[in-house]
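The values are calculated or read from the model by the stated rules, or taken from the named source; none is laboratory data. Predicted model only: the values in this text are computed from it and were never measured. Ideal geometry is used to build each Cβ from the backbone, glycine not excepted, and the neighbour counts take in all protein chains shown. What goes into the accessible areas is simple: the full protein's heavy atoms, side chains included, and nothing from ligands, DNA or RNA. Shrake-Rupley method; radii C 1.70, N 1.55, O 1.52, S 1.80 Å.
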Amino acid sequence: MEFLPLSKWIPNLKKPLVIAGPCSAESEEQVLQTALELKQIEDVRIFRAGIWKPRTRPGTFEGMGEKALPWLQLAKKETGLLTSVEVATAHHVELALKYDVDIFWIGARTSANPFAVQEIADSLKGTNVPVMVKNPINADLSLWAGAIERISGAGIKKIAAIHRGFSTYEQTRYRNRPIWRIPIALKDRLKDIPMICDPSHIGGARSLIAEISQKAMDIDMDGLMIETHINPSIAMSDAKQQVTPASLYKILKGLNLRSEYSSNRGFEEEIDRLRSQIDNVDKEILEFLKIRMGIVEKIGEAKSKNDVTPLQINRMNEMMQKRLDIAVKLELPEVYVKELYDIIHAESVKKQTAIMNTFTSSEVKE
Ligand code: PEP
Ligand code: MN
């Protein structure tokens, strides 16, 4: 697969590429006003607006449809910004082409569906339109890569991936939890694919956009897609996560961009980039250890109530074997993984013993 860098899509591009515009096109005035204000921000090069909105529940606003496409044409004419919309069917592709939309994106719900992605890919054959592929709503690296492969199979070379986080059943501080190692792994698998971050759909809240954007820059992502509306509080979709053009400007100004030096990146900068990837991966490892410890505590309480000892040798051996089997599959040295798990397991036993002692001593007191 061949992927052209973003600088081949957009002349005189400065990193990061910024894509901004409302979640949904709502009226000609809203589209035009937002685009005119965004035009004042130098880094904004692509205007986005949803026309067909995939909504979780029926009966909510599903986008303005075809009648909004001329509004985008007008915005392009008045501002010179490139335009982009989400396409989910061959019919959307046909209409977006008819109204000269410059760049298409495939939404998270669509990229999870190979039939839909293939239909879009088939309808794109021979067009050469750039396509941005959002990660599927579930954290499945191969499904994301597969969607990109289908688009690439249609002969498209201007393809970018967008990390917009993953849906989880558990409530987290994010609307869609970012799992940074997945876009990192995708970039590793599909060499040279431009990687864009969508902090709006990750955060689900205006207050989180700056910090998520910074994180994306820290791991050397190439662009940001940020939902921007002239009056976010009355937006017809995703009101909580949209920012005004003025706040977008502040967010972008506040970013610490190491990649400013990237045109002449030497050894030191490359090491720096890799170190920040390691920092992120390590933070995730520690967050998972914290989740693991929470589960260990629950098991400890259950064991205590049922008079089972913290250390169960058979279970421990069985568990270790399973971990070692995974290690072999992942080509990690067995001794390394065994030593790691010896430490993790010893701490779990310590924790459960402490829990058991608290339970027993409170019972004794009673
Ligand atoms: C959007 O970009 O407005 C959208 C619907 O995003 P996603 O597909 O990431 O949910
Ligand atoms: Mn949205």
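Observations on the structure shown:
- Test result for Gly80, away from ligand 1 (no atom under 16 Å from the Cβ), without any contact (Cβ under 8 Å) to a residue 24 or more places away in the chain and either loosely packed, with under 15 Cβ neighbours inside 10 Å or under 24 Å from the mean Cα position of the chain (by Cα) (or both): no
- Matching residues in the stretch 14-29 - criterion: being part of a loop (DSSP other than H, G, I, E, B) and either more than 22 Å from the chain's Cα centre (by Cα) or within 13 Å of ligand 1 (Cβ to nearest atom) (or both): Pro22, Cys23, Ala25, Glu26, Ser27
- Restricting Ile103, Ile46 to those that are within 23 Å of the chain's Cα centre (by Cα), open to solvent by less than 30 Å² (accessible area, probe 1.4 Å), among the aliphatic types (A, V, I, L, M) and away from ligand 2 (no atom under 16 Å from the Cβ) reduces the list to Ile103.
Every residue, every condition in (1) closer than 21 Å to Leu4 by Cα; (2) assigned to a loop (DSSP other than H, G, I, E, B), yes or no:
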site: Asn138; (1), (2): no, yes
site: Ile151; (1), (2): yes, no
site: Gly155; (1), (2): yes, yes
site: Ala160; (1), (2): yes, no
site: Gln171; (1), (2): no, yes
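- Contacts under 6 angstrom Cβ, first residue in the stretch 240-255 being in a strand (DSSP E or B), partner within 16 Å of ligand 2 (Cβ to nearest atom) and at pLDDT 95 or above, 6 or more apart: Val243/Arg206; Val243/Thr228
- Selected residue (criterion: nearest to Ala354 (Cα to Cα)) from residues of the stretch 300-324 that are assigned to a helix (DSSP H, G or I) and open to solvent by 80 Å² or more (accessible area, probe 1.4 Å): Lys305
- Residue within the stretch 44-51 that is out of contact with any Ser or Thr (no Cβ under 6 Å at 6 or more places or on another chain), over 16 Å from Met132 (Cα atoms) and modelled with pLDDT under 95 present: no
- Residues that are outside any helix (DSSP H, G or I) and open to solvent by less than 30 Å² (accessible area, probe 1.4 Å), drawn from the stretch 49-75: Ala49, Gly50, Ile51, Lys53, Gly63
- Qualifying positions in the stretch 149-169 - crowded, with 22+ Cβ neighbours inside 10 Å and under 18 Å from the mean Cα position of the chain (by Cα): Ile159, Ala160, Ala161, Ile162, His163, Arg164, Gly165
- Residue ID - surrounded by the fewest Cβ atoms within 10 Å (Cβ to Cβ), chosen from residues in the stretch 115-142 that are within 16 Å of ligand 1 (Cβ to nearest atom) and farther than 18 Å from Glu86 by Cβ: Asn138
- Among residues of the stretch 14-43, those that are among the hydrophobic types (A, V, I, L, M, F, W, C), open to solvent by less than 10 Å² (accessible area, probe 1.4 Å) and in contact with a Ser or Thr (Cβ under 8 Å, 6 or more places away or on another chain), counted: 5
- Entry remark, the stretch 215-237: residues being of a type outside the set (A, V, I, L, M, F, W, C), closer than 15 Å to Gln30 by Cα and within 16 Å of ligand 1 (Cβ to nearest atom) number 5 in total.
- For the stretch 49-82, a residue qualifies if it is of a type in the set (Lys, Arg), out of contact with any strand residue (DSSP E or B) (no Cβ under 9 Å at 6 or more places or on another chain) and within 16 Å of ligand 2 (Cβ to nearest atom), and the qualifying residues are Arg55, Arg57.
- Selection status of Ala90, farther than 20 Å from Leu6 by Cα, open to solvent by less than 20 Å² (accessible area, probe 1.4 Å) and in the same structural domain as Ile184 (by TED's automatic domain parsing): no
- Screening Val131 on (1) free of Cβ contacts under 8 Å to residues at least 60 places away in the same chain; (2) under 19 Å from Arg181 (Cβ atoms); (3) among the β-branched types (Val, Ile, Thr) shows it passes everything except condition (2).
- Filter result (touching a Gly at 6+ places or on another chain (Cβ under 9 Å), within 12 Å of ligand 2 (Cβ to nearest atom) and free of Cβ contacts under 8 Å to residues at least 40 places away in the same chain) within the stretch 200-239: Ile202, Gly203, Gly204
- Residue, nearest to Asp43 (Cα to Cα), within the stretch 188-231, restricted to residues that are assigned to a helix (DSSP H, G or I) and open to solvent by less than 10 Å² (accessible area, probe 1.4 Å): Ser213
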